[in-house]
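Visitor: Take this structure, written in structure tokens, and hold onto it; I'll ask about it next.
Each value in this text was obtained by applying a stated rule to the coordinates, not by laboratory testing. These figures come from a predicted structure and were not determined experimentally. Positions of Cβ are backbone-derived with ideal geometry, glycine not excepted, and every protein chain shown enters the neighbour counts.
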Amino acid sequence: MHSLPKLPTACCRKFFVSFRKIARVAMRLPDGWPPRTLGTLRRQVLAWFDANQRSLPWRENRDPYRVWLSEVMLQQTTVAAVVPYFQRFLKTFPTLRDLAAADEQEVLKLWEGLGYYRRARHLHAAAKRIIADHGGKFPADATAVADLPGVGRYILGAVLSQAFEQKFPIVEANSLRVLARLFGYRNDPREGEGRVWVWEAATAVLPEKRIGDFNQAVMELGALVCTPTSPKCPSCPWAKSCIANRDSLQTLIPPPKKPPVIVACREIAVVIRHREKVLVCRRSPDAKRWANLWEFPHADWPAEELFEDAVGRIAEELTGVAVSPGRELLTIQHGVTRFAITMTAAEAQRQSGQFRSPFYSEGRWVSPGELKDYPTSTPQRKLFLEVSRPQQRLF
DNA sequence: AATTCGGGGAA
DNA sequence: TTCCCAGAATT
């Protein structure tokens, strides 16, 4: 029912928030909110920002190139980590033209240690495009900015509001937390409908003037006062209007991230490369030992699809379950290539009794901490992998 | 909607 | 150790 307006794709490629939808946010406010007018809230946070903002190198002026560079560097990166990089980068490439004229390797070298290196490539490519398409002047047009590589919804709003005082919202980790708490939004603003809500909220609170400062103020508030844990509500300019503060829900808003799903995982086979030979082993069906399945010269390494197919058959033979969507075959690199199949905890429990081998340690499930040699965990999903001893000398 | 991309600091 | 960070692009 509540959704962002359809993008006017004819005139812009990426996302814009309609400012006509401000009323929608008010519709979702708790009864009696806000106790103060939005205008008061805006003035309060701007005054707080004027008095409490950190002195940061990219706040010296509002040059679009500097704003843009800082926002790209700050993406998923802490302020403390960015400061020295920002200064070094700006010293090497004082202007957008200097950056565009540079060699990509030089740019990447300066970026070394910051991580997310695709940002640097996008930055460099975007600089070149600005030279080619916009005469070397950073575009003030939202459509043009949104079309630059590496510019998403956040950076679009950040640059346009800070460098050009255009009325665009921003949502990142800080402002998301601040807005959710201020409005007392109970759902998860990071996913589904909540994602829509938080951008509408960020739009609704925007002032008419000092838009760039306001956006920064909300972020700064989240960074210094409205922190994830133990927020300093007594020194918050919005304390008296904040629903989360009123109801003592600071730790529940936004809701803690759902813990990753734990997927049981059983090792099926290993591939060992040694010298010029390749050996594929699997656990024997009786699980008493490791069986050599294939041995062949390295040059005869099977094609990838044949290989996966073969391992899939081994998995089915050993576990009695076929590899299918939702039940994947995993590849784990650990000196040798190991294969494992996912299964539910119940299935794994059922099979564990009849599945022993000299290389299978104690036949128990291990804690994640014991799996450090197995780089199998992802942010969204963790695997419990059955432990097996390293292979004995097989060659 | 889920994953990937990184490295550092804080909890 | 895990979590988190001024997100964007890809699948």
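Visitor: Apply the Karplus curve 6.51 cos²θ - 1.76 cosθ + 1.60, θ = phi - 60°, to the phi angles in the stretch A:174-187 and return the couplings in whole Hz, x for Gly and Pro.
Guide: Coupling constants for the stretch A:174-187: 6, 5, 4, 5, 4, 5, 4, 6, 4, 8, x, 6, 8, 6 Hz.
Visitor: For the pair A:ALA125 and A:ASP63, what calculated FRET efficiency results from E = 1/(1 + (r/R0)^6), where r is the Cβ-Cβ distance and R0 = 25 Å, to the nearest 0.05?
Guide: About 0.80, to the nearest 0.05.
Visitor: Taking the Cα centre of the stretch A:124-206 as origin and charging only Cβ (+1 Lys, Arg; -1 Asp, Glu), how large is the dipole, in debye to the nearest 20?
Guide: Charge dipole of the stretch A:124-206: 180 debye, to the nearest 20.
Visitor: Kindly provide the pair-distance distribution of the stretch A:19-246 built from C-alpha pairs, with 10 Å bins from 0 and whole-percent values in order of increasing distance.
Guide: Whole-percent P(r) values from 0 Å outward: 7, 32, 33, 19, 7, 1.
Visitor: A follow-up question, please. Whose amide H sits under 5 Å from the amide H of A:GLN75, counting only residues 5 or more places off or on another chain, with H placed in the peptide plane?
Guide: none
Visitor: Taking each pair of distinct Cα atoms in the stretch A:202-260 once, what is the resulting Kirkwood hydrodynamic radius in Å?
Guide: Evaluated over the stretch A:202-260, this radius sits at 12.8 Å.
Visitor: Starting from the Cα of A:LEU56, step 7 Å along the direction of its Cβ; do the same at A:ASP247; then give the gap between the two resulting points in nm.
Guide: Each label point lies 7 Å from its Cα, and together they span 3.1 nm.
Visitor: A:THR95 versus A:GLU208, label points 7 Å from Cα toward the beta carbon: distance in nm?
Guide: Those two pseudo-labels are separated by 3.7 nm.
Visitor: Right, next: Would you kindly derive the ³J(HN,Hα) couplings of the stretch A:43-50 from the backbone phi angles with the Karplus curve 6.51 cos²θ - 1.76 cosθ + 1.60 (θ = phi - 60°), listing them in order in whole Hz, with x for Gly and Pro?
Guide: 5, 5, 6, 5, 5, 4, 5, 4
Visitor: For the stretch A:191-198, what does the Karplus curve 6.51 cos²θ - 1.76 cosθ + 1.60, with θ = phi - 60°, yield as ³J(HN,Hα) per residue in whole Hz, taken in order and with x for Gly and Pro?
Guide: Working through the residues one at a time gives 8, x, 5, x, 4, 5, 4, 5 Hz.
Visitor: Let me ask something else about it. If you bin the C-alpha pair distances of the stretch A:85-175 every 5 Å from 0, what whole percents do you get?
Guide: Reading the bins upward from 0: 3, 14, 21, 23, 22, 13, 4, 0.
Visitor: Also, quick follow-up: Could you pull out every residue, at least 5 positions away or on a different chain, whose amide H is within less than 5 Å of the one on A:ALA102? Hs are placed 1.01 Å off N in the peptide plane, and Pro or chain starts have none.
Guide: Hits under the 5 Å cutoff: none.
Visitor: By average Cβ neighbour count within 10 Å, what is the ranking of A:40-53, A:156-169 from highest down?
Guide: A:156-169, A:40-53
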